[in-house]
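The values are calculated or read from the model by the stated rules, or taken from the named source; none is laboratory data. Everything quoted here is computed from the prediction, not taken from an experiment. Don't worry about glycine lacking a Cβ; one is built from the backbone with ideal geometry, like all the others, and counts go over all protein chains shown.
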Amino acid sequence: MIETERLTLRRFTEADRDTVARWNADPDFTRHLSGAQTRAQSDAIFDRWAQHWDDRGLGILAVEWNESGALIGRVGPQFHRYWPRDPEVGWAFDPAWWGRGLATEAGAAAVAWGFGELGYARLVSITTEANTASRNVMAKLGFQLHERIPSEWGELWVHALDRE
Ligand SMILES: CC(C)(COP(=O)(O)OP(=O)(O)OC[C@H]1O[C@@H](n2cnc3c(N)ncnc32)[C@H](O)[C@@H]1OP(=O)(O)O)[C@@H](O)C(=O)NCCC(=O)NCCS
């Protein structure tokens, strides 16, 4: 469990499955991800997050709004299929919560966890050129463009941040 000024980061539990499925069915939320997902596809993603935690001892975290305890997004280092070398820090929030600096706040906490307790020397963050919002979060956290790699979703922009 990680606490920031406005947010709590914790592991997902079974009770979160419906919220995650709602996000994954939302075209705004998934525009720069893999597109809207069916319930079965969302459940498979949810199961993979849990498996990743079991296999690697780190993974995606649920983000709660401290004031109400509402589940509003996700963040975390997880190993990316296209970049197995370093953990990838990603973020995604319920569209109702965009534009309040929350991805930056949660992302900073995830980076601190990756370099601190988890002890990694380099973290990456991966997106497409079109995802300006996500690239802005990366820039605010100090990530710099490192490599562009081909993928099934087109070119992926791999940004890297090294521990000071
Ligand atoms: C990417 C995402 C997590 C950003 O969340 P957020 O909480 O709105 O981000 P922040 O408020 O911390 O914004 C960080 C910076 O990006 C800018 N920004 C946010 N949304 C933007 C947009 N749509 N276009 C351009 N810039 C944007 C903000 O202005 C801010 O910079 P500033 O503080 O200098 O103004 C959110 O848009 C999202 O969940 N998108 C869908 C999922 C996704 O694509 N995740 C990333 C996958 S790689």
All conditions in (1) touching a Leu at 6+ places or on another chain (Cβ under 6 Å); (2) part of a helix (DSSP H, G or I) are true of D55 except (1)
Looking at region 95-104, is at least one residue basic (K, R) and more than 23 Å from R148 (Cα to Cα)?
-> yes
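Got a sec? Which of R74, R11 is touching a Leu at 6+ places or on another chain (Cβ under 8 Å), charged (D, E, K, R) and buried (at least 20 other Cβ atoms within 10 Å of the Cβ)?
Values: R11 fails: buried (at least 20 other Cβ atoms within 10 Å of the Cβ).
So the residue among R74, R11 that is touching a Leu at 6+ places or on another chain (Cβ under 8 Å), charged (D, E, K, R) and buried (at least 20 other Cβ atoms within 10 Å of the Cβ) is R74.
When you scan region 98-136, how many residues do you find that are of a type in the set (D, E) and farther than 18 Å from G76 by Cβ?
At the first step, the residues of region 98-136 found to be of a type in the set (D, E) are 105, 117, 129.
Okay, now just the ones that are also farther than 18 Å from G76 by Cβ, so 129.
Count: 1.
Can you give me the number of residues within region 84-101 that are touching a strand residue (DSSP E or B) at 6+ places or on another chain (Cβ under 6 Å) and either within 20 Å of T30 (Cβ to Cβ) or in contact (Cβ under 8 Å) with a residue 60 or more places away in the chain (or both)?
Step one: of region 84-101, the residues touching a strand residue (DSSP E or B) at 6+ places or on another chain (Cβ under 6 Å) are 86-89, 91-94, 97.
Imposing the further condition that a residue be either within 20 Å of T30 (Cβ to Cβ) or in contact (Cβ under 8 Å) with a residue 60 or more places away in the chain (or both) reduces the set to 86, 88-89, 91-94, 97.
Here the count works out to 8.
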Which one of these is part of a loop (DSSP other than H, G, I, E, B), out of contact with any strand residue (DSSP E or B) (no Cβ under 9 Å at 6 or more places or on another chain) and not aromatic (F, W, Y): Q37, Q41?
-> Q37
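Looking only at residues that are among the polar types (S, T, N, Q) and exposed (fewer than 15 other Cβ atoms within 10 Å of the Cβ) in region 129-149, which one is farthest from the ligand (Cβ to nearest atom)? Spell out the reasoning first.
Pass one, region 129-149, residues among the polar types (S, T, N, Q): 131-132, 134, 136, 144.
Next cut, exposed (fewer than 15 other Cβ atoms within 10 Å of the Cβ) only: 132, 136, 144.
Working: T132: 4, N136: 3, Q144: 16 Å.
Checked region 129-149; the qualifying residue farthest from the ligand (Cβ to nearest atom) is Q144.
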Which of the residues spanning region 17-34 are free of Cβ contacts under 8 Å to residues at least 40 places away in the same chain, surrounded by 15 or more Cβ atoms within 10 Å (Cβ to Cβ), closer than 15 Å to G73 by Cβ and of a type outside the set (V, I, T)?
-> A21, N24
Criterion violated by L61 - all others in (1) modelled with pLDDT under 95; (2) surrounded by 12 or more Cβ atoms within 10 Å (Cβ to Cβ) satisfied | (1)
Mind listing whichever residues of region 96-128 are more than 7 Å from the ligand (Cβ to nearest atom) and exposed (fewer than 13 other Cβ atoms within 10 Å of the Cβ)?
-> A96, G116, E117, G119, A121
Could you check A62 against (1) under 14 Å from M1 (Cα atoms); (2) in contact (Cβ under 8 Å) with a residue 60 or more places away in the chain and say which number it fails?
-> (2)
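Tell me which residues, restricted to region 150-161, are in contact with a Leu (Cβ under 8 Å, 6 or more places away or on another chain) and either at pLDDT below 95 or surrounded by 13 or more Cβ atoms within 10 Å (Cβ to Cβ) (or both).
Let us first name the residues in region 150-161 that are in contact with a Leu (Cβ under 8 Å, 6 or more places away or on another chain), namely 150, 157-161.
Matches in region 150-161: W157, V158, H159, A160, L161.
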